[in-house]
Amino acid sequence: MYWEKETETMPGNRLEELQLARLKKSVEKASASVFYGGLFKKTNLDSNGIKSLEDIKKIPLTTKDDLREHWPYGFLAVSRDELVRMHSSSGTTGRATVIFHTIDDIKEWTNIVARSMYMTGMRKSDVFQNMMTYGLFTGGLGFHYGAEKLGALVIPAGAGNSKRQIQLMQDFGTTAIHIIPSYALHLLSVFEEMGVDPRSDTQLQIAFLGAEPHSEKTREKIEEFYGIKAYNSYGLSEMDGPGVAFECRRQNGMHIWEDNFIVEIINPDTLEPVPDGEEGELVLTTLLRDGMPILRYRTKDLTRIIPGPCECGRTHVRIERIKGRTDDMLILKGVNIFPIQIEKKLMDVPGVGTNFLIILERKGFNDHMTVRVEVQKEFFSGDLKQLENLRRRIVEELKGDILITPKVELVEPGSLPKSEGKAVRVIDNREE
Amino acid sequence: MVAYQLSVFAENKPGRLAKVTGILKKGKINIRAITISTSDGFGVINLIVDDPERARSILEDEGLTVSMKEVVAVVIEDKPGGLDKLIQLLFDEDINVENAYGFVLESREKAVFVVDVNQLEKTQKVLEDAGLKTLDAQALSAIEPFHYMKY
């Protein structure tokens with residue numbers, strides 16, 4: 001049931017002792033880097049100043065901008081000879097960030113990915129098809145290494161080529177997949193086209209969903225259509241990648257591996273910690289990374305800590321499904337909106353298909369939101385009234401949630417642009 | 001007898017109808033009647049064709065969203081009062097018409113009126129009792145006046 005029982009079920013006080021010892025070491029290691037070396041000098045801080053976990057607040061927060069400004073080697077805490085791997089974020093805004101790993105860093109990262117997969121019930125007898133992009137993106141290689149360490153047979157399928165994916169599943173009896181949720185929904189139409197029923201014609205049991213935030217309803221749809229269990233996971237390249245947090249079989253929040261990371265939730269405006277259970281921005285500190293330790297990193301991801309112990313027996317804290325990124329947030333007529341909110345509402349409406357697109361436009365001084373929604377094929381009965389009712393219902397549901405009346409357009413199933421990577425949910429045509 | 005009406009879901013933008021007629025042309029499907037109803041940005045194209053099953057399958061193969069439903073195709077006289085006779089009859093029987101459209105079979109002789117009703121079985125019985133002829137898919141295919149041109 002446990003990959004490392006002692007660590008996973010470690011009582012809270014012992015876990016905190018472990019964290020404190022590791023934090024001190026991490027601060028010590030970090031001081032060797034240009035960035036933290038300078039910062040500690042400026043703030044007159046060293047590892048002796050860390051006497052309790054509370055003292056972590058003495059360390060200033062690190063942001064993505066800090067990583068960018070000290071690109072590429074400013075955070076490096078070891079000699080470049082020690083590095084064996086680099087990964088880079090997709091860098092959709094501004095310059096990409098780069099993270100370096102030593103051989104031990106890769107080992108520790110691989111271990112938490114294996115631990116996470118084991119937690120969901122994956123075993124060495126499983127056949128794991130990794131349908132993520134390999135390369136600079138951490139999702140592909142991170143899971144690959146973890147699954148190999150666990151001992152499963154890994155099919156390094158990579159992203160895309162839908163028909164081949166399905167063929168591989170059938171030929172080699174794939175039991176577990178790692179897939180982007182929007183792609184999992186899109187793939188269903190390819191299954192249908194090929195006359196393959198994922199429920200009865202494959203041996204799939206587990207899906208690891210990652211790389212983009214998704215709603216509970218999307219998970220339910222994937223579980224139902226594929227006849228599997230789908231587990232949410234969370235990671236970011238700055239904190240290694242996948243494996244930072246993962247759902248256990250209870251599927252009630254994601255455990256963050258606290259022997260590897262210190263978790264804080266802060267108010268993104270005041271930067272003060274919020275009480276347990278309240279929503280805020282996730283801040284993480286690496287505890288076991290030698291090559292590039294990062295302390296108090298602002299992830300820009302919004303979530304909350306689920307108070308109380310988990311029934312699974314693991315003592316590591318749980319976070320809720322990511323509500324959105326402070327980056328993804330749309331501000332429309334002064335209202336803050338997250339694309340995931342829209343998805344959540346849409347997926348609750350019967351008749352809504354698998355894809356949608358939000359388009360923002362500015363007309364004069366007014367911002368307008370149009371939501372293009374694919375209709376579910378089976379829903380269409382030839383009745384215009386029924387479609388009109390669906391459209392009206394979507395408008396009402398969205399209006400109730402985001403307090404803005406969007407224009408809703410129903411479009412044909414499969415007509416919106418599909419993505420084999422992270423889904424494009426928002427097109428912002430407003431001028432800066 | 002019941003006939004089949006195909007309905008295609010289409011966004012209301014140039015090219016969507018052309019796509020539908022293009023596919024049907026390629027499949028050598030003859031369109032007996034077509035109506036289009038639109039709402040805000042989208043619409044439904046209703047079709048009566050000579051081979052609804054095949055038409056449905058080739059449209060779906062091209063990725064279109066199609067549904068098929070039973071409608072009643074009534075033969076009426078192509079002269080003043082021809083339609084009124086039918087409509088009065090439906091009214092007397094309290095049958096509500098959801099959608100309807102017609103086409104001429106033989107000028108000044110016969111026309112077909114297609115009605116989509118809420119009570120299909122009752123309608124069929126009422127029409128039968130009144131001696132009105134209804135056409136099924138096969139009949140709609142066979143009444144093709146230029147049948148010999150099919151190759």
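The values are calculated or read from the model by the stated rules, or taken from the named source; none is laboratory data. What you are looking at is a predicted structure, and each value in this text was computed from that prediction instead of being measured. We place every Cβ from the backbone using ideal geometry, glycine too, and count neighbours over all the protein chains shown. We work out accessible area using only protein heavy atoms, side chains counted, and drop any ligands, DNA or RNA first. Shrake-Rupley method; radii C 1.70, N 1.55, O 1.52, S 1.80 Å.
The magnitude of the dipole of chain A, with charges of +1 and -1 set on the Cβ of Lys/Arg and Asp/Glu and taken from the Cα centre, is near 220 debye.
Taking every residue in B:39-47 and counting other chain Cβ atoms within 10 Å of its Cβ, the average works out to 5. Accessible surface of residue A:316, taken over heavy atoms with a 1.4 Å probe and every protein chain present, rounds to 0 Å². Of all stretches in chain B that contain no trypsin sites (Lys or Arg not before Pro) in a DSSP loop with at most 16 other Cβ atoms within 10 Å, the longest one is B:29-107. Among the trypsin sites (Lys or Arg not before Pro) in the stretch A:156-201, those placed in a DSSP loop whose Cβ has at most 15 other Cβ atoms within 10 Å are A:199. Tell me whether the stretch A:55-147 comes out rounded, prolate or oblate; compute the Cα gyration tensor, take square roots of the eigenvalues as a ≥ b ≥ c, and use a/c under 1.5 as the rounded threshold. Judged from the Cα gyration tensor, the stretch A:55-147 comes out prolate (a/c at least 1.5, a/b above b/c). Our helix-only sum for the protein assembly as shown, with -39,500 (n - 2.57) per DSSP H run of n ≥ 4 divided by its residues, gives a mean residue ellipticity at 222 nm of -9500 deg cm²/dmol. Under a cut-off of 16 Å between alpha-carbon atoms, report the aspartates and glutamates in cross-link reach of residue A:333, not counting same-chain residues fewer than 8 places apart. Within the straight-line limit of under 16 Å, residue A:333 reaches these aspartates and glutamates: A:361, A:367, A:401, A:428, A:431, A:432.
GNM remark for chain A: springs join alpha carbons under 10 Å apart, and the peak mean-square fluctuation among A:364, A:49, A:324 falls on A:364. Taken residue by residue and averaged, Cβ atoms of other chains lying within 10 Å of the Cβ of A:380-390 number 6. With the whole protein complex present, residue A:315 retains an accessible surface near 60 Å², based on a 1.4 Å probe. Contact order, relative form, for chain A: 14 percent (alpha carbon pairs under 8 Å, 6 or more residues apart, mean separation divided by residue count).
If the segment from residue B:40 to residue B:70 were pulled out straight at 0.36 nm per residue, it would be longer than the present Cα-Cα gap by 8.2 nm.
Here the stretch A:162-237 is treated with +1 on each Lys and Arg Cβ and -1 on each Asp and Glu Cβ, and its dipole about the Cα centre works out to around 160 debye. Each Lys or Arg adds one and each Asp or Glu takes one away; over the other residues whose Cβ falls under 15 Å from the Cβ of residue B:99, this sums to -3. This model, with +1 at the C-beta of Lys and Arg and -1 at the C-beta of Asp and Glu, gives the stretch B:74-145 a dipole about its Cα centre of some 180 debye. If R0 is 56 Å, the Cβ-Cβ spacing of residue A:190 and residue A:44 corresponds to a FRET efficiency of close to 0.40.
For the stretch A:213-280, the carbon plus sulfur part of the accessible surface works out to 41%, probe radius 1.4 Å. Applying a DSSP loop filter and a limit of 12 other Cβ atoms within 10 Å to the chymotrypsin sites (Phe, Trp or Tyr not before Pro) in the stretch A:344-382 leaves A:365. If both residues of a DSSP beta bridge must be in the protein assembly as shown, then about 75% of such bridges are antiparallel.
Shape of the protein assembly as shown from the C-alpha gyration tensor: prolate (a/c of 1.5 or more and a/b above b/c, with a ≥ b ≥ c the square roots of its eigenvalues). With a 10 Å cut-off around each Cβ of B:5-13, the average count of Cβ atoms from other chains is 4. Taking a Cβ cut-off of under 12 Å around residue A:314, the surrounding Lys, Arg, Asp and Glu residues balance to a net charge of -2, with basic ones at +1 and acidic ones at -1. Buried area at the B:A interface is about 1500 square angstrom, summed over both chains, from accessible surfaces computed with a 1.4 angstrom probe.
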